[in-house]
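The values are calculated or read from the model by the stated rules, or taken from the named source; none is laboratory data. A quick note: this is a predicted structure, and the numbers were derived from the prediction, not measured. FYI the Cβ positions are ideal-geometry reconstructions off the backbone, even for glycines, and counts take in every protein chain you see.
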Amino acid sequence: MSDDAMAVGAALARAADPGALRRTLARLGEVTVRETHGSTVFLVGDRAYKLRKPMNANGADLRTLGARFRAGARDLELGMALAPGIVIGTLSVVPSGDGEDYLLTPSAEAEAIDALVEMARYDEADTMRERLRRHTLTGAQARAVGAKMATFHRAAARVPGGVDYRAVLNRNVEALMRLAGDHLAPAQWFGLQRFAAAFLLGWAEVLRARAAAGTVIDAHGDLRTEHVLIEGSRVRVVDRPEFDVLRRCDVADELGTLLVDLADQGAPPEVAAAVLSGYSEAGGALPPDALVAFFGSYRAQVRARVALVRAAELADEPAASERAHALRLLALSQRLGWQARGPLLLLVTGPAAAGRSTLATALAEASGLRILSSDVVRGEGTTEPPDHSPEARYGVYAELAERAGDGRATIVDATFGDHEARRTFTEGLGAPRAETLLVIECTAPTADRTDRAARRSAPQTGAPDDRAEEAANQSRTFTSMDAHAGRLSIDTQAPIGLQVEAVASWLDSLLATGRAG
């Protein structure tokens with residue numbers, strides 16, 4: 001055995017036994033134990049005591065007593081910036097005379113076998129997560145959280161050289177793939193990697209400029225709702241990671257971490273908006289929305305990986321719950337990826353019965369983007385048969401333009417089959433929004449379209465309507481639409497999943513060149 005291995009073995013032999021430590025702390029009151037990946041935490045009265053596990057992980061080797069003492073001191077130092085008063089100090093764990101339990105002393109003892117971090121215990125009902133769960137979080141409190149982070153970010157140390165996010169994301173996806181097995185199809189894994197690569201390529205200059213401007217900082221590093229305490233008008237943020245590599249990130253990454261956790265907890269969009277508003281009001285420079293969404297997408301994948309690690313350590317039922325949570329997080333990552341592609345304005349066009357509405361609906365489900373449908377607008381506010389006169393039809397396009405002109409990411413489902421309809425829409429939309437149009441044209445053979453239209457006609461009475469005739473007529477009258485930003489033709493005879501994937505791949509090709517959104 002090597003000298004290093006012998007030294008580590010001796011260090012492990014001197015680590016405290018959690019059971020004996022619990023008996024020691026039971027003298028102070030009832031003990032509740034919480035396990036994390038790297039620590040055992042004992043809750044006793046108004047105190048919490050953290051015992052680090054003697055392990056080598058996350059870039060830090062804590063297998064020796066000296067390393068665990070240094071980590072405790074680092075806890076105190078790191079906590080001062082965002083959570084003063086939480087970390088109190090480090091206690092020496094010394095074997096008692098009978099060998100059944102321990103003595104805890106505030107000084108470094110030669111006989112110590114471990115280090116215990118003493119912390120003030122807080123009421124978990126005051127965490128942002130619990131306030132969300134109980135529906136007691138106010139807009140003012142959410143803004144106060146944003147203001148707290150803005151103040152911290154302005155004062156935080158800058159990290160020269162930035163972060164190699166391509167390497168960071170690749171490592172996380174590779175770890176995910178090993179853990180998730182066949183829970184996601186290969187095409188989904190490829191889609192996650194393709195999107196990340198396209199974004200980092202298209203935004204490379206922006207990220208370099210941000211790093212040069214000092215937006216990569218020594219951050220909190222794990223900004224989640226369970227770590228945010230809101231006590232009256234006071235906001236504190238606990239559990240700042242001790243590992244330097246986890247804290248080095250762009251402020252957009254830090255904000256994305258919190259916003260993805262808000263989404264995972266089911267918070268309404270107004271909460272995230274209030275956090276960002278408070279951040280800006282306190283002097284924080286808000287990153288572009290697409291950048292925050294990108295980092296949120298990445299952080300959702302990190303959380304999915306952590307959930308899968310937990311699943312591997314748990315019994316059947318809890319493990320299944322963690323795996324289900326991981327899959328929900330990966331779905332959230334994909335939706336945030338669509339937001340990161342920019343404030344998309346996708347026009348799903350095509351002649352009657354070409355599969356346009358089916359594709360538009362599938363895209364909306366995959367992306368979480370809102371959908372505006374000409375059929376829905378046409379039928380609003382009336383019980384009469386829809387008016388298909390030219391005047392009414394162009395009025396529908398004017399209404400679609402007004403609703404799509406608010407700058408939100410949108411899918412518009414309409415034929416756009418003639419010049420006047422397109423002119424009405426683009427003029428109503430106005431510049432520069434009209435210059436961001438991305439056109440997806442659905443195509444299918446005339447025979448297939450007329451057959452689809454006939455099957456949709458009066459299913460209860462069997463009486464045909466004019467849809468099949470309209471589908472046939474539009475084969476002769478429909479003209480394709482040009483677009484400033486890009487145009488894609490989709491064969492709707494393909495399975496709907498492949499159609500959605502084709503759209504995503506096309507958007508990523510635009511994203512890589514900086515043209516999406």
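Odds and ends about this structure:
- The set of residues in region 283-318 that are of a type in the set (A, V, I, L, M), closer than 29 Å to K148 by Cα and crowded, with 18+ Cβ neighbours inside 10 Å comprises A290, L291, V292, A293, A300, V302, A304, A307.
- Residues in region 133-159 that are part of a loop (DSSP other than H, G, I, E, B) and touching a residue at least 24 places away in the same chain (Cβ under 8 Å): L137, A156, A157, V159.
- Test set (1) modelled with pLDDT under 95; (2) surrounded by fewer than 23 Cβ atoms within 10 Å (Cβ to Cβ); (3) in contact with a helix residue (DSSP H, G or I) (Cβ under 8 Å, 6 or more places away or on another chain); (4) not β-branched (V, I, T) - R341 fails condition number: (2)
- Checking region 24-46 against the condition returns no match, with no residue being touching a residue at least 40 places away in the same chain (Cβ under 8 Å) and aromatic (F, W, Y).
- The residue that is nearest to E118 (Cα to Cα), counting only those in region 40-72 that are among the small types (G, A, S) and surrounded by fewer than 16 Cβ atoms within 10 Å (Cβ to Cβ), is G45.
- The criterion of being under 25 Å from G45 (Cβ atoms) and among the basic types (K, R) holds for R129.
- Qualifying residue in region 40-47 (condition: outside any strand (DSSP E or B) and over 14 Å from D17 (Cα atoms)): yes
- Candidates S357, S321, filtered to the one that is farther than 29 Å from L201 by Cβ and either in contact (Cβ under 8 Å) with a residue 40 or more places away in the chain or buried (at least 23 other Cβ atoms within 10 Å of the Cβ) (or both): S357
- Some residue of region 168-187 being of a type in the set (D, E, K, R) and surrounded by 15 or more Cβ atoms within 10 Å (Cβ to Cβ): no
Let's see how each residue does on (1) surrounded by 23 or more Cβ atoms within 10 Å (Cβ to Cβ); (2) modelled with pLDDT under 95; (3) in the same structural domain as G146 (by TED's automatic domain parsing); (4) among the β-branched types (V, I, T):
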{"position": "R194", "(1), (2), (3), (4)": "no, yes, yes, no"}
{"position": "R224", "(1), (2), (3), (4)": "no, no, yes, no"}
{"position": "P241", "(1), (2), (3), (4)": "no, yes, yes, no"}
{"position": "E254", "(1), (2), (3), (4)": "yes, no, yes, no"}
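- A362 surrounded by fewer than 22 Cβ atoms within 10 Å (Cβ to Cβ), at pLDDT 95 or above and either under 17 Å from T415 (Cβ atoms) or out of contact with any strand residue (DSSP E or B) (no Cβ under 7 Å at 6 or more places or on another chain) (or both): yes
- Considering only residues in region 417-449 that are part of a helix (DSSP H, G or I) and without any contact (Cβ under 8 Å) to a residue 12 or more places away in the chain, the one that is farthest from D482 (Cα to Cα) turns out to be A447.
- Taken over region 403-447, the criterion of being of a type in the set (D, E, K, R) and over 30 Å from the mean Cα position of the chain (by Cα) is satisfied by D418, E420, R422, R423, E427, E441.
- Taken as a whole, region 133-145 holds at least one residue that is assigned by TED's automatic domain parsing to the domain that holds V271, surrounded by 14 or more Cβ atoms within 10 Å (Cβ to Cβ) and of a type in the set (D, E, K, R).
- Pairs, first charged (D, E, K, R) in region 92-110, second at pLDDT 80 or above, C-beta under 6 Å, six or more apart: D101/A20; D101/R23; D101/T24; E109/S92; E109/V94
- Verdict on G278 being part of a loop (DSSP other than H, G, I, E, B) and either in contact (Cβ under 8 Å) with a residue 40 or more places away in the chain or not charged (D, E, K, R) (or both): no
- When residues of region 372-386 are limited to those that are more than 32 Å from the chain's Cα centre (by Cα) and hydroxyl-bearing (S, T, Y), the one surrounded by the most Cβ atoms within 10 Å (Cβ to Cβ): T382
- Qualifying positions in region 251-271 - part of a helix (DSSP H, G or I), in contact (Cβ under 8 Å) with a residue 24 or more places away in the chain and over 22 Å from W203 (Cα atoms): D261, L262, A263, D264, E270, V271
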